[in-house]
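Following: one structure in structure tokens, then a few remarks.
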Amino acid sequence: MKRWNAKSGMTGKGYDPNRFIDMVLVNQNMKCDAELARALAVNPSVISKLRRGKTRVSASLLLGIHEMTKMSIRELRNLIGDTKNKYFPFRQSSFN
């Protein structure tokens, strides 16, 4: 399993927040990141940090984009490059 690389913002498995943000902008006919930030009621620095790989797409941001675009969470996660089918908060082996 590849790990999150904070420097490049990539996992090597296709995680690409720039592609995701660009697709949302196109989908919503928006021209810039600041317009997206206003629509999501977040600070523009959040979008900037996503683009630079300093942070990942949070659940609350993903839900906000879901409500705005009417796209399914699965579709949005695919756009981001997240290919996991389910979320497991812990692994059974961590208790052994």
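The values are calculated or read from the model by the stated rules, or taken from the named source; none is laboratory data. On a predicted model such as this, the values are computed, not experimentally measured, just so you know. Cβ coordinates were reconstructed from backbone atoms using ideal geometry, including for glycine residues, and neighbour counts include every protein chain displayed. Keep in mind that these areas ignore ligands, DNA and RNA; they rest on the heavy atoms of the full protein, side chains included. Shrake-Rupley method; radii C 1.70, N 1.55, O 1.52, S 1.80 Å.
Fully extending the segment from ILE73 to SER45 would add 7.8 nm, taking 0.36 nm per residue of separation and subtracting the current Cα-Cα distance. Applying 0.36 nm per residue to the separation of THR55 and ASN27 and subtracting their alpha-carbon distance, the gain on full extension is 7.8 nm. Of the solvent-accessible surface of segment 31-74, computed with a 1.4 Å probe over protein heavy atoms with every protein chain present, carbon and sulfur atoms account for 57 percent. Packing-based ranking of 32-38, 70-76 yields 32-38, 70-76, ordered from highest to lowest mean Cβ neighbour count within 10 Å.
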